Structures are given as C-alpha cells and as structure tokens.
Amino acid sequence: MRGVVFDGAGRVRVVDLPDPTVEAPGDAIVRVTRAGICGSDLHLLHGKAPLEVGEPMGHEATGVVETVGPDVRGVREGDRVAVAFNVACGHCWFCEHGQSALCDDDAIFGYGIFGGALPGAQAERLRVPNADVNLLRIPDAVDDDAAVFVGDVLTTGFYAAALADPRPEDAVAVLGCGPVGHCTILGLRATGRPTVYALDRDADRLALAEKAGAIPIDVDRRNAVTALAEATDGRGADVVIDAVGHPEAFEGAIDAVRRGGTVVVVGVYSSETTELQLGAYWARALTLRFAGLTPVLAWWDRAVSSLENGSVDPRPLISHRLPLEDAAEGYALFDRREATKVVLAP
Ligand SMILES: [Zn+2]
Ligand SMILES: [Zn+2]
C-alpha cells in the first residue's frame, strides 16, 4: 500500500509500505477514505519530536473496516468508522474514568517511538489496535469529509468547550482560529451558547469563525486585551482559551481574562517555558485548566451526534482535498498557512 513517511526535517514522502495485517485478536484493518493533516503533524515535520526517516505519519482518519481480528465485537467488515487518534486500552483506571488520553498504554498513530511506534493514518490502510474501543461507527448521514474530524479535531473542540464550561451570559475568547480553535468555537456554540470572540490575524480563519457564530477580532489591527475589555465593561473575558500553543498566547490569555476567570489551555506544549508570578494568579483567583491530549473516547459520541443532527459542520474548514500522492504539497500548503485544513483522500 501507499503511505506518507517522514523524510527528514521539513520533508514528507509517499512510499510503498507493507500492507497491514491483524497482529492481535483485537485489531481491525481500516481502509482509509480520508486522512487529515494536523497542526501537530507540522511539529513532526519540523523535527520537534524524534521521528526517524521513513517512519509513517498521520493520526486523523476515517474509513471502512476491511478485516477484524477474532476478538473484535463492536465493529464489522464494511462498517464506516472514525479512528481515535490516541489509542487506548479501554479498561485501565484512566479509561474507566473518561480519561483515555491518560491511559496506561496511551499511544498515538504516526508519532514514531514517542507515540508507541504505531502505524500512520495517512495511508491507504491502517491497523487499529483494540478496535472495539478505538473505532466508532459513523452514521450514514455523516459523510467522510465530516467524519474525518471525529477522531481528533472536532471532538477536541467539544472537550475544550466542556473544560471552558461557560454560562450562556459569559464572554469566551478563543485565541487562535486554526482547526482546533475553530472546532472549539463550534463546540462552544453547540453547547453552552456563550458569546464567543475569535482572535487571530488570518483573514480566512476569522471569516470562517464569524460564519460559525463568533465575533472576529483581528489581533493585527486591534489590541486583544483592549478589545475584550471593551466588550465586557472593562472586566475582561470570563473564559479565555489558548488554542495556539505558544507562550505568547498563554500570556495573552492570562492578560485577557477577568479576575476570577478561567484560562483553558488546549494548544499543544512540549518544552516551552514561561515565568509565572504566583501572587498575580493567586490575587486574581484565576482557574487554569490544561487540556492535555483529548480523551477522545469520552467525547466523540457528542461530536458524531452533533454532526448527525446538523448542529455543527466543520467541513467549511477544509480548504484543500488532495490525493494521498500529493501529501507533500498538502503539508507545504498547510505549513505556509495557505490552507485552513488539508484532507487527503487515499
Ligand atoms: Zn490532529
Ligand atoms: Zn487505558
């Protein structure tokens, strides 16, 4: 089969890979119909995690079950499924408490050794371990372009919205309107229905956020803290969500939240540092919530039912739908911010 592999810093390549087979009784083989390129794939592209040349990439996929191992009960051959980006065991203490991303055996597709040496989702086929828990059947009303968001980005948006836990009268600011920020806006609008401010400097992203029901603020033209203070009688936003994953965004979130407010950190961090003045956080009675990786298994039902009943639609995010063979071009477009979301169709 064909699949995307890391080809050294800044490069990916589509190569011939061995066809996956059932290796454990709980495995399923999925024929991938759509695979997303994620912001975190760009971190890998730029060598921020230890990937070896030739290692497979990709963790966002939807497809059709082609083969199941003898112990698989939850899905059958021919089922359309979403694939959880982080594979969990389904039975440890964390899995049983809705924290599958903190699973004792947590692993991520297409992340090399760091992710447990699983295969990559940007390929024609994918072997999914513990298929009973890590695959979710997709209803007919949800097409492949929508379903590819279920295993990661849209479900992350619902999870982030739940961490923000806003009241309808709250002002919630989302810093960064890439795919995760955008889906967080969708999650917020679908659940608590607060007033949402979308902050970014990219005109395409801001336009998409406005269509999704948020009030756009172009941070190149307006000071974010001032704009949010003006919108809230000088208080600042009740909740600020860092959907960027850069210390500047985190510090901006702290500046923009009101006293007694909540900052939710969804953006991905690894080795970055920032200085905390503990007294300032203490005196302002701030609540900090770090999302970590999304516990997909606890939240993806909500994403699917919202897609099915039409209350959210992430598909306008897809700016480019490319054949798998054009993966390198897809990575380059996304990396240059010329694409809001690239989806590969193997
Ligand atoms: Zn992702
Ligand atoms: Zn587990």
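Please compute the Kirkwood hydrodynamic radius over segment 156-214, one decimal place, Å, based on all pairs of different Cα atoms.
Value: 10.8 Å, from the Cα pair sum.
Cα centroids of segment 28-81 and segment 188-265: how far apart, whole angstrom?
So the two Cα centres are separated by 32 Å.
Evaluate the Kirkwood expression for the hydrodynamic radius of segment 1-47, namely the inverse of the mean inverse distance over all pairs of different C-alpha atoms, and round to one decimal in Å.
When all Cα pairs of segment 1-47 are included, the Kirkwood radius is 12.7 Å.
Relative contact order (percent) for segment 76-190, with alpha-carbon contacts under 8 angstrom and 6 or more residues of separation?
Relative contact order of segment 76-190: 23 percent.
Rounded to whole Å and ordered largest first, report the semi-axes of the equivalent ellipsoid of segment 197-269 derived from its Cα gyration tensor (root of 5λ).
So the equivalent ellipsoid measures 18, 16, 11 Å along its semi-axes.
Amide H to amide H, which residues 5 or more places from residue 177 or on other chains are under 5 Å from it, using H placed in the peptide plane?
For residue 177, whose amide H was placed from the backbone, there are no distant partners under 5 Å.
Return the inverse of the average 1/r over all pairs of distinct C-alpha atoms in segment 1-129, which is the Kirkwood hydrodynamic radius, in Å to one decimal.
Here the Kirkwood hydrodynamic radius works out to 14.9 Å.
How large is the translational diffusion coefficient of the chain in µm² per second when you combine the Kirkwood radius over alpha carbon pairs with Stokes-Einstein at 4 °C and 1.567 mPa s?
Roughly 64 µm²/s, to the nearest whole number.
Over segment 189-231, how many percent of alpha carbon pairs lie in each 10 Å bin up to the one with the longest distance?
That works out to 30, 52, 18, 0, in percent per bin.
Mind checking the per residue accessible area of the chain for me, 1.4 Å probe, whole number of Å²?
43
With a cut-off of at most 15 other beta carbons within 10 Å, and DSSP calling the residue loop, which trypsin sites (Lys or Arg not before Pro) in segment 92-195 qualify? Please list them.
none
Which three extents, in angstrom, do the Cα atoms of segment 106-249 have along their principal axes, listed largest first?
Principal extents (Cα only, largest first): 53, 33, 26 Å.
What part of the accessible area of the chain, given as a whole %, is carbon or sulfur when the probe is 1.4 angstrom?
48
Could you tell me the accessible area of residue 299 in Å² (1.4 Å probe, neighbours in place), rounded to the nearest ten?
Surface accessible to solvent at residue 299 totals approximately 50 Å².
Report the antiparallel proportion of the DSSP beta bridges in the chain as a percent, rounded to a multiple of 5.
Of the beta bridges lying entirely in the chain, close to 55 percent run antiparallel.
Report the semi-axes of the equivalent ellipsoid for segment 20-80 in whole Å, largest first, where each axis is √(5λ) for an eigenvalue λ of the Cα gyration tensor.
28, 14, 8
With +1 assigned to the C-beta of every Lys and Arg and -1 to the C-beta of every Asp and Glu, and no other charges, what is the dipole magnitude of the chain about the Cα centre in debye, to the nearest 20?
Dipole size: approximately 720 debye.
Got a number for the accessible area of residue 77? Probe 1.4 Å, square angstrom, nearest 10.
120
With the contact rule set at Cα under 8 Å and sequence spacing of 6 or more, what percent relative contact order holds for the chain?
18
The values are calculated or read from the model by the stated rules, or taken from the named source; none is laboratory data. Being a predicted model, the structure only gives us computed values, none of them experimental. Because the Cβ atoms are built from the backbone with ideal geometry, glycine has one as well, and the counts that use them run over all protein chains shown. Keep in mind that these areas ignore ligands, DNA and RNA; they rest on the heavy atoms of the full protein, side chains included. Shrake-Rupley method; radii C 1.70, N 1.55, O 1.52, S 1.80 Å.
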